[in-house]
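Q: After the structure tokens below, expect a handful of questions from me.
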Amino acid sequence: MAERLSDLYPQASKIIRKYESVKQSGNPHLEPYYDELGKKWTVGFGRTLSNAQIKGLTNDQIKKKYTMTKEKAEADIDKQIQTSLEGIKDLSSRLPQGVSFSSGEVEALIPLIQNVGITKIKAQGVKAMEALRQGNKKEFRKQLYDINEGFVKAGGAKQLGLQRRRLEEGSIAKVYEGGEFARKTGGMVMRNYYDYEPRSI
């Protein structure tokens, strides 16, 4: 039996299972729900439904048509990881010759792309993309995962849940171990900077 992508990238899939599950329980959303912050119908482990998929359907019809089994939700993680890997290939092509992502950086990028989307990263991460082209991976990581400058907004405001997720994603590549970007006070890394509530799950 072929090894699953979620087994090949265990840290990435762990974050996806955590943050895209019911109340971070690790259990997928078997019935679609409307994410108020993301403004998208979502099911399983963060699988969003397109406008074309739900066009003309009532809420009850959406829930009935796109309800998932736990097995299908698990299999879908692999599909989402594959999509993220395609996005990473795109990003890698923009690095200067001789510069590449480490295995930790790849695994850190997988859940970020799964959550944000490669299109949004390229369109809104102007500074990140410029750093990438220069081969400045440290600045690239900062623009992605930093709790102030990274992809931590939803609904127009910084979200504590997204800040926590970015910190966890960044730590896969060891960028936050020792506090590369985290603020420190008295030797302790401060993590709760805002009063915003996490994304509803």
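The values are calculated or read from the model by the stated rules, or taken from the named source; none is laboratory data. Keep in mind that what you see is a predicted model, and the values were worked out from it rather than measured. Quick reminder, even Gly has a Cβ in these numbers, built from the backbone with ideal geometry, and neighbours come from all protein chains shown. Remember, those area values only see protein heavy atoms, side chains included, never the ligands or the DNA or RNA. Shrake-Rupley method; radii C 1.70, N 1.55, O 1.52, S 1.80 Å.
Q: Relative to the longest principal Cα axis of the chain, at what angle does helix 103-116 sit, 0 to 90 degrees, rounded to 10?
A: 50
Q: Now a separate question. How far is helix 70-92 tilted, in degrees, relative to the longest principal axis of the Cα atoms in the chain, given as a value from 0 to 90 rounded to the nearest 10?
A: It is inclined by approximately 40 degrees.
Q: DSSP loop (so not H, G, I, E, B), at most 16 other Cβ within 10 Å: list which trypsin sites (Lys or Arg not before Pro) in the stretch 1-44 pass both filters. Walk me through the intermediate numbers first.
A: Values: sites: Arg4, Lys14, Arg17, Lys18, Lys23, Lys39, Lys40; in loops: Arg4, Lys39.
Counting only loop positions with at most 16 other Cβ atoms within 10 Å, the trypsin sites (Lys or Arg not before Pro) in the stretch 1-44 are Arg4, Lys39.
Q: Tell me the carbon and sulfur percent of the accessible area for the chain, rounded to whole percent, probe radius 1.4 Å. Present the calculation step by step, with values, prior to reporting the outcome.
A: Values: 5310 of 10960 Å².
Carbon and sulfur: 48 percent of the exposed surface of the chain.
Q: Mind pulling the angle between the C-alpha long axis of helix 160-172 and the longest principal axis of the chain? Nearest 10 degrees, somewhere in 0 to 90.
A: Between helix and principal axis, roughly 60 degrees.
Q: Looking at this model, which pairs from Lys72/Lys138; Lys18/Lys127; Lys40/Lys63; Lys64/Lys89; Lys18/Lys120; Lys23/Lys89 are more than 25 angstrom apart at the alpha-carbon? Display every interim value, and only then the final one.
A: Working: Lys72/Lys138 37 Å; Lys18/Lys127 29 Å; Lys40/Lys63 13 Å; Lys64/Lys89 36 Å; Lys18/Lys120 22 Å; Lys23/Lys89 32 Å.
Cα-Cα > 25 Å for Lys72/Lys138; Lys18/Lys127; Lys64/Lys89; Lys23/Lys89; rest within.
Q: For the chain, set up a GNM with springs between Cα atoms under 10 Å and report which of Leu57, Leu37, Leu85 has the largest fluctuation.
A: Ranking Leu57, Leu37, Leu85 by mean-square fluctuation puts Leu57 first.
Q: Before I look further, what does the chain give for accessible area per residue, probe 1.4 Å, in whole square angstrom?
A: Values: 10960 Å² over 201 residues.
Accessible area per residue: 55 Å².
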